[in-house]
1. E344: net charge of surrounding residues, Cβ under 14 Å, Lys/Arg +1, Asp/Glu -1, itself excluded?
2. By per-residue mean of other Cβ atoms within 10 Å, what is the highest-first order of 328-338, 66-76?
3. For the chain, build the convex hull from the C-alpha positions and give me its volume per residue in Å³.
4. What are the lysines whose alpha-carbon lies under 30 Å from the alpha-carbon of K57, with same-chain residues fewer than 8 places away excluded?
5. Given the peptides 288-295, 269-276, arrange them by the average over their residues of other C-beta atoms within 10 Å, most packed first.
6. For the range 144-235, what relative contact order do you get, as a whole percent, if you take Cα pairs closer than 8 Å and at least 6 residues apart?
7. Could you work out the relative contact order of the chain, using alpha carbon pairs under 8 angstrom and six or more residues apart, expressed as a whole percent?
8. Note down, for the range 156-290, the three equivalent ellipsoid semi-axes (square root of 5 times each alpha carbon gyration tensor eigenvalue), biggest first, whole angstrom.
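Nothing in this text is a laboratory measurement; each read-out follows from the coordinates by a stated rule. Note that the structure is predicted; figures quoted are calculated from it, not measured. Using ideal geometry, Cβ is built from the backbone for each residue, glycine included, and neighbour counts are taken over all protein chains shown.
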Amino acid sequence: MKSMVVYGPKDIRLIEEPMPEPKDDDVITEVKFVGVCGTDKSVYEGTIGYLKTGLMKYPIRLGHEWSGIVCRVGKNVTKFKPGDRVCGDNVVTCGKCENCKSGNYAFCENLRALGSVYTWPGAYTQYMCMPEKHMYKLPDSVKLEYGALIEPAATGLYTAVNGRIKPGCTVVVHGTGLIGLVAAQCAKHLGASTVIVTGRKREKLEVARQLGADYTFSWIEEDVTAAILKVTNNKGADSVLESTGAAQVLCASLEQVKSSGTISVIGSYDTLVDGFDADMMVFKNITLTGLNGCPHMFQPMLNMMAAGQIHMEPMVTDIFPLEQAKEALEKMDQGEKRIKILLEV
Ligand SMILES: [Zn+2]
Ligand SMILES: [Zn+2]
């Protein structure tokens, strides 16, 4: 089978690998679509910190956002059969450690992440091998393209859930990537009456509007904090969902959130955050909450997609063949409108 494997910074190659053999609990899936993610890019460019700490080592087969069709199953597998349309987790866990047993499997002591730390070979390939417990059936109405994006979409849902959104409240979502655009839709479904989305590119803010945002503000064109305070009568928002990973956006969130409000952070900063006013956080009684992964959110997100509550159509802006993964990785941050690139296998 053909796979795209990273051998070193900016060195990704199309190689021939043996087909995986399923163990008793494994499902082999013929991969159809894989999302190209910022994490993939930082592995491809060699900038991700895990390469320095030794938690990741080249060669690495990328790809943790994926969908496909089951083609073989191990003898203990009961939930899947060849022909099923599926998507899979972005991690493989042991199921035996204390964290797994308590349901906190994102912190499995023996965790292997697809194309990331303690690398489980990722989905930039034709055939994926995954344990049954990490697979999900796609509802009939969910296209394979969107099934591949369940992981970032579920992360958007988790960001909103962590933001403690209450009926009738006002929510600010920072970021117009897929996670932010799904989080904004989830905020509405969780009861927010006003959703404000901020970003840099006008075209992507326009997509946020189409998806139901009540206000959109551009960091390039205006004073975003002043604009948020204006539409909230100087009170600030009840919840701020921060998906940009920009330190100054996190700092500004403190001014934009109401007293006793919540800031839910999914962005990754790759640096210490300078200028964070911890006293303001204390005096305003703000809850700052981080999250890692999206445990237990895949099935709820699939249900929301199947029910037509989450719209993914405007988010897939480009589809490249797997063999052009290099081009996709190099182009992902370019262009005014680009939100998500998929690789088609
Ligand atoms: Zn990702
Ligand atoms: Zn475990």
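1. Surrounding charge for E344 is -2.
2. Answer by packing, highest mean first, reads 66-76, 328-338.
3. Cα convex hull per residue, to the nearest whole number: 134 Å³.
4. K2, K10, K23, K32, K41, K96, K101, K133, K326, K331, K340
5. 288-295, 269-276
6. Averaging sequence separation for qualifying contacts and normalising by length gives 23 percent for the range 144-235.
7. Averaging sequence separation for qualifying contacts and normalising by length gives 17 percent for the chain.
8. Working from the Cα gyration tensor, I get semi-axes of 19, 16, 15 Å.
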